[in-house]
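The values are calculated or read from the model by the stated rules, or taken from the named source; none is laboratory data. Only a predicted model underlies this, so the values are computations on that prediction, with no experimental measurement involved. Backbone-built Cβ (ideal geometry, glycine too); neighbour counts: all protein chains shown.
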């Protein structure tokens, strides 16, 4: 990772401290909950975390976890990977932050499933919530990954005809593509807003033993994030408008840096 600040500048240090602070608070609350779970019979569990009976403890846990993820994502978005495109559009920085949220969420899915496997096969105490929680998180990962892919120009594109066009025709094609994205976004939001709003207001649940509000959160998130994708597409169009024509070949998919690292790992480079 490139350690130079991408966009935070002097705020990089304070954001890092906030991320560490919220993470420490979340770990402390989690440790306290775990100890209570071991030594008391009325301790809060994951079932109460999404319900009113969780009280101030559940709010503190969820609030600290949210702060840790948010500020951690902001801090991580201040660096870019070797194969990542540098931000160039007005919306790129938000997309970088949401991409880091998705990356952290993947780690959370792994931890949840690891807990379930150990609980089920080592202690013969399977949970009622691990599968649904991982499904819930994965849905948001899928949505946010779409926004990140748009920012990185990583969606599947066929360049055979596009590369043969003069630059003015390429720009015309780009405008048409963005217009189609916006039309799709408008139709999706127009057709689904009332249903999503109703589900969100009543926090519609999943209808299972744990009963998380997956429909009540995911349906609005779909509309919201598809709108972010549309704005990101417009940001890409504006940022790329004055770029020189690009020509593509199969060699573009070859990551020379990754190949060099593999060779070094295998001992081919002496």
Practice problem: Report whether or not residue 86 is surrounded by fewer than 12 Cβ atoms within 10 Å (Cβ to Cβ) and within 30 Å of residue 10 (Cα to Cα). | Solution: yes
Quiz item: Of the numbered conditions (1) without any contact (Cβ under 8 Å) to a residue 60 or more places away in the chain; (2) in a helix (DSSP H, G or I); (3) surrounded by 15 or more Cβ atoms within 10 Å (Cβ to Cβ), residue 44 satisfies every one except a single condition; which is it?
Solution: (2)
Practice problem: Might you let me know whether the range 94-114 holds any residue that is assigned to a loop (DSSP other than H, G, I, E, B), out of contact with any strand residue (DSSP E or B) (no Cβ under 6 Å at 6 or more places or on another chain) and not assigned by TED's automatic domain parsing to the domain that holds residue 9? | Solution: no
